[in-house]
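The block underneath contains the structure these notes are about, expressed in structure tokens.
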Amino acid sequence: MRELCFLACQISLRPGDFAATFAANEASMHMNNTAQLELDGRAFPLPTTIGTEGEKAIDVSALRNNTGYITLDDGYANTGSCLSRITFIDGEQGILRYRGIPIEELAERSTFIETAFLVIYGHLPTRAELRHFSDLLTENQYLHEDMKYHFQGFPTGAHPMAMLSAMINAASCFDEGLMHWHWGMGREFEVYAARLISQVRTIAAFSYRKSRGLPLIYPKKAYKYTANFLHMMFSCPYEDYDLKPEVVRALDLIFLLHADHEQNCSTATVRMVASSQANLFASASAGVCALWGPLHGGANQAVVEMLQQIHRDGDDGSKFMAATKDKHSGKRLMGFGHRIYKNYDPRAKIIKQACDDILKTLHIADPLLEIAKKLEEAALHDSYFVERKLYPNVDFYSGIIMRAIGIPLEMFPVIFAIGRMPGWIANYREIMEDQKSRIYRPRQVYMGPTLNHFVPIEERT
Ligand code: ACO
């Protein structure tokens with residue numbers, strides 16, 4: 001595709017365009033600066049936009065109309081698809097904030113449910129708001145009884161991520177209100193948002209039970225969100241699971257750290273589906289599918305599989321590290337690297353500490369943790385990883401915590417999906433509230449055959 005660039009094209013920013021101070025208010029988001037695009041001997045001014053944290057963008061929304069050209073951006077690495085007020089990431093500095101609040105503060109002082117409210121509604125809840133939100137979660141935790149027949153239809157051994165996506169979508173079949181709900185109809189958003197957050201946990205636990213051929217365990221009103229999930233995963237009909245506060249807190253922290261991460265692959269997918277005005281559950285179900293892949297939310301499963309393989313091979317990690325640097329090996333150091341972070345992922349720092357803490361509390365010596373630490377140490381001093389700015393991401397240590405608390409490997413991406421639900425809902429809300437929102441519809445540059453004609457089958461060679 002590089003040959004497309006031979007046409008004379010130059011884009012320049014006027015000196016001083018970005019010298020403005022970045023006042024953190026709405027008015028500062030649309031500056032009057034312009035960039036100049038020179039194309040085929042003509043100049044085209046392009047407006048620029050600056051975010052509240054100083055992120056700069058050239059607005060190309062009128063580009064094709066004015067010039068006939070589109071932008072080409074493999075993997076969208078330079079494309080801002082929206083203006084958003086939910087999450088801020090500075091990948092160079094390793095900063096992550098939900099609604100302006102640093103992830104470190106939330107990890108230390110908040111809970112998943114309080115953070116979910118923050119992500120969706122934009123502010124920390126008052127006591128009364130949190131109580132109301134918790135009550136809605138409790139009221140909406142049961143699935144329609146007939147959904148059990150759908151679970152019965154899945155074979156034992158089916159991957160719970162496939163069941164999760166299918167069942168979130170199927171939930172719309174059991175809720176006529178959702179099918180007829182249109183954005184702006186008062187209180188319904190808060191009910192559906194709570195229903196989705198609550199039911200994804202019930203569906204996730206049922207998916208696991210079904211994948212193992214175990215009887216389904218219903219949620220209990222008395223338990224809080226994360227404790228209830230562990231209860232549905234691990235209790236038996238004749239004996240309740242012993243809920244250890246440290247285990248509940250460790251899993252709650254994992255959910256919280258995954259609550260949002262701006263325009264990643266799955267969130268962008270949710271926004272894409274939502275842009276056609278599909279319902280909230282359908283949009284979230286698509287997000288689960290996008291999340292599943294090993295380059296995204298499936299990486300936590302892939303990390304532990306990689307560590308297990310290294311352990312089985314009796315490798316100290318060095319052979320595997322060498323393979324990850326060889327492009328022909330097809331191997332990557334899973335849990336390392338990130339499109340946005342060119343520094344240590346702040347979530348990985350928190351998770352690494354939590355990993356040490358929970359293993360100590362539970363008196364577990366996991367050889368995989370030792371291998372992971374050796375790999376990290378080696379990578380941080382290896383020029384291949386240093387030059388490419390590849391650091392541990394959120395998935396590098398989270399799997400070791402999940403293993404320690406008894407969550408099976410195939411459930412790791414499901415845990416990620418439960419955690420990410422508030423972010424998907426908040427992004428869905430942003431799309432729906434934006435009066436100027438348009439259907440997402442990227443263009444392409446066609447590189448296939450030019451005009452060709454149909455040949456009857458008997459004449460084809
Ligand atoms: N191991 C070895 N080399 C790597 C790794 C890795 N984990 N990640 C990137 N590289 C190399 C690439 O081969 C490439 O090298 P080159 O410049 O010599 O060709 C360079 O680093 C840049 O990599 P890209 O693939 O272009 O980076 P991109 O931004 O497209 O991909 C991604 C980011 C998918 C996260 C990638 O780093 C990766 O595959 N990591 C492993 C999977 C993983 O951990 N995913 C979870 C991400 S976090 C999340 O989604 C929750």
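Tell me, please, whether a residue that is free of Cβ contacts under 8 Å to residues at least 12 places away in the same chain, within 19 Å of GLY94 (Cβ to Cβ) and of a type in the set (Asp, Glu) can be found in the range 374-397.
yes
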>> The conditions are (1) on the phi < 0 side of the Ramachandran plot; (2) more than 11 Å from the ligand (Cβ to nearest atom); (3) at pLDDT 95 or above, and ASP313 fails exactly one of them. Which is it?
In response: (3)
> Can you name the condition, by its number, that GLY100 falls short on among (1) buried (at least 17 other Cβ atoms within 10 Å of the Cβ); (2) touching a strand residue (DSSP E or B) at 6+ places or on another chain (Cβ under 9 Å); (3) over 18 Å from ASN393 (Cβ atoms)?
Replying inline: (1)
> Looking at this structure, is GLU246 of a type in the set (D, E, K, R), within 16 Å of the ligand (Cβ to nearest atom) and touching a residue at least 12 places away in the same chain (Cβ under 8 Å)?
Replying inline: no
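Identify all residues within the range 204-234 that are of a type in the set (Val, Ile, Thr) and surrounded by fewer than 22 Cβ atoms within 10 Å (Cβ to Cβ); write none if there are none.
ILE217
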> Taking into account only those residues within the range 316-339 that are more than 7 Å from the ligand (Cβ to nearest atom), of a type in the set (A, V, I, L, M, F, W, C) and touching a helix residue (DSSP H, G or I) at 6+ places or on another chain (Cβ under 9 Å), which is nearest to LEU380 (Cα to Cα)?
Replying inline: MET321
>> Whether any residue in the range 165-188 is in contact with a Pro (Cβ under 9 Å, 6 or more places away or on another chain), modelled with pLDDT of 95 or more and of a type in the set (Ser, Thr, Tyr) is what I want to check.
In response: no
>> Report every pair of residues separated by at least 6 positions or lying on different chains whose Cβ atoms are under 7 Å apart, first residue within the range 317-343 and in contact (Cβ under 8 Å) with a residue 40 or more places away in the chain, second more than 11 Å from the ligand (Cβ to nearest atom) and outside any helix (DSSP H, G or I).
In response: ILE340/ILE89; TYR341/GLY94; LYS342/GLU92; ASN343/GLU92; ASN343/GLN93; ASN343/GLY94
> Among the residues of the range 221-243, is any touching a residue at least 60 places away in the same chain (Cβ under 8 Å), closer than 21 Å to ARG403 by Cβ, within 15 Å of the ligand (Cβ to nearest atom) and part of a helix (DSSP H, G or I)?
Replying inline: no
> Got a sec? Which of ALA286, ALA278, ALA290 is within 12 Å of the ligand (Cβ to nearest atom) and under 26 Å from the mean Cα position of the chain (by Cα)?
Replying inline: ALA290
>> Which residue is surrounded by the fewest Cβ atoms within 10 Å (Cβ to Cβ), if the candidates are limited to the range 29-72 and must be of a type in the set (Lys, Arg) and more than 26 Å from the chain's Cα centre (by Cα)?
In response: ARG42
> In the range 235-261, how many residues are among the polar types (S, T, N, Q) and surrounded by 20 or more Cβ atoms within 10 Å (Cβ to Cβ)?
Replying inline: 0
> Can you pull out the residues in the range 346-369 that are surrounded by fewer than 15 Cβ atoms within 10 Å (Cβ to Cβ) and among the hydrophobic types (A, V, I, L, M, F, W, C)?
Replying inline: ILE364, ALA365
> If you check ALA379, ALA290, ALA372, which single one turns out to be of a type in the set (A, V, I, L, M, F, W, C) and either within 22 Å of LEU251 (Cα to Cα) or surrounded by fewer than 19 Cβ atoms within 10 Å (Cβ to Cβ) (or both)?
Replying inline: ALA372
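The values are calculated or read from the model by the stated rules, or taken from the named source; none is laboratory data. Note that the structure is a prediction, hence the values are computed from the model and not measured. Note that we place each Cβ from the backbone using ideal geometry, even for glycine, and neighbour counts take in every protein chain shown.
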